[in-house]
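The next block holds one structure in the form of structure tokens; read it before the comments.
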Amino acid sequence: MLSGRVALVTGAAGGIGLATSRLLLQSGAMVGAVDKSSSLKSTCDALGEEFGTSNIACLPCDVSDDDALKNVFKETSRQFGSLDIVINNAGIGDERYWKKQIKVNLQSVINGTYYAMELMSPDKGGVIVNVSSMAGLHPVSTGPVYSAVKHGVVAFTRAMKENVAEKGIRINCICPYFVDTTMGRAGLKALPEAEANEVLKNGILKPEFIAKGIMDLITDTSRNGAILRANPWQGLMYQRYKEDMKSKL
Ligand SMILES: NC(=O)c1ccc[n+]([C@@H]2O[C@H](COP(=O)([O-])OP(=O)(O)OC[C@H]3O[C@@H](n4cnc5c(N)ncnc54)[C@H](O)[C@@H]3O)[C@@H](O)[C@H]2O)c1
Ligand SMILES: CCCCC/C=C\C=C\[C@H](O)C/C=C\C/C=C\CCCC(=O)O
């Protein structure tokens, strides 16, 4: 389905980023795997064994470093000959380091979008998918900065849809509820007991389910500026907006 396409995934060493990288490779894409974790190399080695070492580039990088991030975008395009798909996924969720959250969860998404726009070819129909959260659609008092920056990712994605379309590119966003990853489990643990029980009652998603939603946003060429909710009670459901409000601003 994505044979010959070149993807870059941030936060590819674990969780949603790893599940998405696997699905991209299974679909025939080549993947530039970006992460700051020391486990990135062993993850890439395992993916290389399964899908072929020539289909994966292991690119250690802290996405909050603007220049380092730009370099891994260029390197992916250089190694594989183009850049068609970008998944701005890397994220953290710790309110003690809220300034870092702004850099990792929002600044890197904005940078990643602009770098993608520079490198993607207008003829090939590139696509960018930004990973937000249900906390980017509803205020969450246990993570106010996390919630604010994730709202920023949703707003940025929606605001960019015409800008990217001018270059033959699409941009979309996914908003998951709690997912069974290192970050999701830590987030759940940090919640007050009653809220954690509420989350457990609602259900925890698997990272493969989010990867499938991301794949829908990549392959459905009718989607640009789309916000896809992912939660256990609605499954994958597009967020609806009153677009006509624009004329009343
Ligand atoms: N897990 C959840 O419950 C959940 C729910 C909604 C949204 N999300 C979002 O999904 C995305 C992925 O989260 P996850 O649950 O897979 O988390 P995870 O912790 O399992 O994986 C995140 C990956 O990003 C990497 N990373 C973190 N900071 C980085 C940086 N500065 N530079 C490069 N790599 C960095 C980590 O090393 C890790 O491999 C995040 O943006 C998160 O906010 C997660
Ligand atoms: C949510 C607090 C920030 C901590 C970040 C850690 C993990 C993040 C996981 C997800 O992005 C959270 C997704 C949705 C949060 C929505 C509601 C949480 C409120 C808990 C409840 O349902 O009572």
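For the reader, a short list of remarks on this structure follows.
- When A19 is tested against (1) without any contact (Cβ under 8 Å) to a residue 40 or more places away in the chain; (2) more than 20 Å from A116 (Cβ to Cβ); (3) surrounded by 17 or more Cβ atoms within 10 Å (Cβ to Cβ), exactly one condition is not met: (1).
- In the condition set (1) within 18 Å of the chain's Cα centre (by Cα); (2) at positive phi; (3) not basic (K, R), G28 is compliant with all but (1).
- Qualifying residue in segment 192-207 (condition: under 22 Å from L83 (Cα atoms) and either touching a helix residue (DSSP H, G or I) at 6+ places or on another chain (Cβ under 9 Å) or modelled with pLDDT of 95 or more (or both)): no
- Residue count for segment 203-249 under the criterion of being within 14 Å of ligand 1 (Cβ to nearest atom) and surrounded by fewer than 13 Cβ atoms within 10 Å (Cβ to Cβ): the result is 1.
- Within segment 166-191, the set of residues being over 15 Å from the mean Cα position of the chain (by Cα), in contact (Cβ under 8 Å) with a residue 12 or more places away in the chain and more than 9 Å from ligand 2 (Cβ to nearest atom) comprises K167, G168, I169, D180, T182.
- Candidates S133, S121 - the one that is touching a helix residue (DSSP H, G or I) at 6+ places or on another chain (Cβ under 6 Å) and within 29 Å of L83 (Cα to Cα): S133
The rows are residues; the columns are (1) within 11 Å of ligand 1 (Cβ to nearest atom); (2) farther than 13 Å from V109 by Cβ.
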| site | (1), (2) |
| --- | --- |
| I128 | no, no |
| V131 | yes, no |
| H138 | no, yes |
| T142 | no, yes |
| A155 | no, no |
| M160 | no, no |
| N172 | no, no |
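- Test: L2 is surrounded by 22 or more Cβ atoms within 10 Å (Cβ to Cβ) and at pLDDT 95 or above: no
- Number of the condition not met by T20 [criteria: (1) over 21 Å from I174 (Cα atoms); (2) within 16 Å of ligand 2 (Cβ to nearest atom); (3) among the hydroxyl-bearing types (S, T, Y)]: (1)
- L59 meets the stated requirement of being buried (at least 18 other Cβ atoms within 10 Å of the Cβ), out of contact with any Lys or Arg (no Cβ under 9 Å at 6 or more places or on another chain), under 18 Å from R5 (Cβ atoms) and not small (G, A, S).
- Against the conditions (1) modelled with pLDDT of 95 or more; (2) not in a helix (DSSP H, G or I), K124 satisfies every one except (1).
- Looking only at segment 69-104, residues that are in contact (Cβ under 8 Å) with a residue 60 or more places away in the chain and in a helix (DSSP H, G or I) come to 5 in all.
- Selection within segment 124-161 - free of Cβ contacts under 8 Å to residues at least 60 places away in the same chain and more than 16 Å from ligand 2 (Cβ to nearest atom): K124, G126, I128, A155, F156, A159
The values are calculated or read from the model by the stated rules, or taken from the named source; none is laboratory data. Small disclaimer: the values here were computed from a predicted structure and weren't measured. With ideal geometry, Cβ positions are generated from the backbone for all residues, glycine too; neighbour counts draw on all protein chains shown.
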